[in-house]
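What follows is a set of notes on a single structure, which appears directly below.
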Amino acid sequence: MKSVDNTFSVDKAEESSGFLLWQVTNLWQREIKKALDVYGLTHSQFVLLASAHWLTLHQSEVTQVALSSHSKIDPMTTSTVLRTLQQKGLIQRQEHLKDTRAKTVELTTKGKELVKKAVVTVESFDREFFSRLGNKTKEFNRDLLTLLGQSH
């Protein structure tokens, strides 16, 4: 017998976009964590390393602020994770030449070698994970960009 309590606006949990996003995100994060364990990296560490490499390849200045903005990781967490990456010898941070409040970030040789290997693993994992979408991947990515408030 169905309860008369109408707390929820949906009849089935599968009708809640937020709940589905929560479930998919947790599944994806759990599996990506396993893939990154091989490299001794957390997902946040990988994202910041990969973002630093991406920004460098695209001739963008790599600062903590730019990394935070690019990755959507809050500035305090970005700083904490970068400190750990520096202790691991994967990045170097130094005072910005023009803005003394800013720090520039550069991958070390060890960091570049590690991120290049990890990117191959993550991209392979993503291809397999999202292959269930078939030819709808580009549409899915456009929808995600819409949710992020970015134009496509």
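Name the single residue that is surrounded by the fewest Cβ atoms within 10 Å (Cβ to Cβ) among those in the range 31-63 being in contact with a Ser or Thr (Cβ under 8 Å, 6 or more places away or on another chain) and not in a helix (DSSP H, G or I).
38
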Of the residues in the range 117-141, those that are of a type outside the set (A, V, I, L, M), free of Cβ contacts under 8 Å to residues at least 60 places away in the same chain and surrounded by fewer than 13 Cβ atoms within 10 Å (Cβ to Cβ) come to 123, 124, 127, 128, 131, 132, 134, 135, 136, 138, 139, 140
When restricted to 20, 55, the only residue among the hydrophobic types (A, V, I, L, M, F, W, C) and under 20 Å from residue 120 (Cα atoms) is 55
Conditions (1) under 28 Å from residue 148 (Cβ atoms); (2) surrounded by 13 or more Cβ atoms within 10 Å (Cβ to Cβ); (3) out of contact with any Phe, Trp or Tyr (no Cβ under 7 Å at 6 or more places or on another chain) -> residue 114 fails only (3)
Scanning the range 111-151 for residues that are over 26 Å from residue 90 (Cα atoms), assigned to a helix (DSSP H, G or I) and of a type in the set (A, V, I, L, M) gives 133, 144, 145, 147
Out of (1) more than 16 Å from the chain's Cα centre (by Cα); (2) surrounded by 12 or more Cβ atoms within 10 Å (Cβ to Cβ); (3) aliphatic (A, V, I, L, M); (4) assigned to a loop (DSSP other than H, G, I, E, B), the one residue 20 does not meet is (4)
Scanning the range 73-110 residue by residue, the ones that are assigned to a strand (DSSP E or B) and closer than 18 Å to residue 54 by Cα total 8
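Every number here is computed from the coordinates shown, using simple stated rules; none is lab data. Keep in mind that what you see is a predicted model, and the values were worked out from it rather than measured. We place every Cβ from the backbone using ideal geometry, glycine too, and count neighbours over all the protein chains shown.
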